[in-house]
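Step one of this worksheet: look at the structure below.
The values are calculated or read from the model by the stated rules, or taken from the named source; none is laboratory data. Note that the coordinates shown come from a computational prediction; the quantities given were computed from them, not determined experimentally. Positions of Cβ are generated from backbone atoms using ideal geometry, with glycine treated the same way; all protein chains shown enter the neighbour counts.
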Amino acid sequence: MTPRMNFKNIFLTTGLLLFLVSCGASKVVHTPVKRPAPTKTVEKTEGLRTLNSRFSGKTNAEIEKLLKDARKYLGAPYKFGGASSSGFDCSGFTLTVFEQNSFKLPRRSADQAAVGNTIDIKNVKPGDLLFFATAGGSRISHVGIVHDIGEDGEVKFIHASTSKGVIISSLNEKYWNKAYLHATRVL
């Protein structure tokens, strides 16, 4: 073997080893970043459905605890199949929050939609579940928990968004308004 070939083999071997070492798994710890709940109303744009609630009462202690447990995850990242503070998908988020409040929900959002009673959007209140078809059509693909009802009837909900993790959104937002299917009450 010539010195030139030997140098080439050493170079390739070293490069291969560096590549393999760099591909090693490392444990990444995700610490949720707390984001404040939005306080301003989202103005509904023209052409959207009116998806307002008439609820103006107080929520009971059980629902307040459920919402407090949901808010502690604000800022947690999205993770497909996730059901912990290191990452949630939408149904994993609702399952975890309800489970922490002694209520068992199925794992999939479509199965969660079959639990409880379907209610008209005009009658939703904090703690109810909202279901969406984010790919169009009528197939349930997303779920969130009603967080609060604005003075004007605006429905805000807390959920695990694929792009932003656990956040609070509004049914006045075009994307969610168009994707909304129905609501259920389980508590």
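Please specify each residue of region 121-140 satisfying the condition of being at positive phi and at pLDDT below 95.
Gly136, Gly137
Here's a check for you: in region 108-147, which residue that is among the basic types (Lys, Arg) and part of a loop (DSSP other than H, G, I, E, B) is surrounded by the fewest Cβ atoms within 10 Å (Cβ to Cβ)? Explain how you work it out, then say what you get.
Kept after step one, since they are among the basic types (Lys, Arg), are these residues of region 108-147: 108, 122, 125, 139.
Then drop every residue that is not part of a loop (DSSP other than H, G, I, E, B), which leaves 108, 125, 139.
Details: Arg108: 17, Lys125: 22, Arg139: 10.
My answer is Arg139.
Across region 76-107, which residue is nearest to the chain's Cα centre (by Cα) among those that are outside any loop (DSSP other than H, G, I, E, B) and surrounded by fewer than 16 Cβ atoms within 10 Å (Cβ to Cβ)?
Ranking the candidates gives Ser84 first.
Can you name the residue in region 148-161 that is more than 10 Å from Phe55 (Cα to Cα) and aliphatic (A, V, I, L, M) and is also surrounded by the fewest Cβ atoms within 10 Å (Cβ to Cβ) among such residues?
Ile158
Could you list, in sequence order, all residues of region 113-144 that are in contact with a helix residue (DSSP H, G or I) (Cβ under 6 Å, 6 or more places away or on another chain) and farther than 15 Å from Asn52 by Cα?
Result: Gly127, Phe132, Ala133, Thr134, Ile140, His142, Val143.
Within region 47-66, which residues are β-branched (Val, Ile, Thr) and either assigned to a loop (DSSP other than H, G, I, E, B) or modelled with pLDDT under 90 (or both)?
Thr50, Thr59
Report whether or not Asn172 is surrounded by 15 or more Cβ atoms within 10 Å (Cβ to Cβ) and in contact with a Ser or Thr (Cβ under 8 Å, 6 or more places away or on another chain).
Against the criterion (surrounded by 15 or more Cβ atoms within 10 Å (Cβ to Cβ) and in contact with a Ser or Thr (Cβ under 8 Å, 6 or more places away or on another chain)), Asn172 qualifies.
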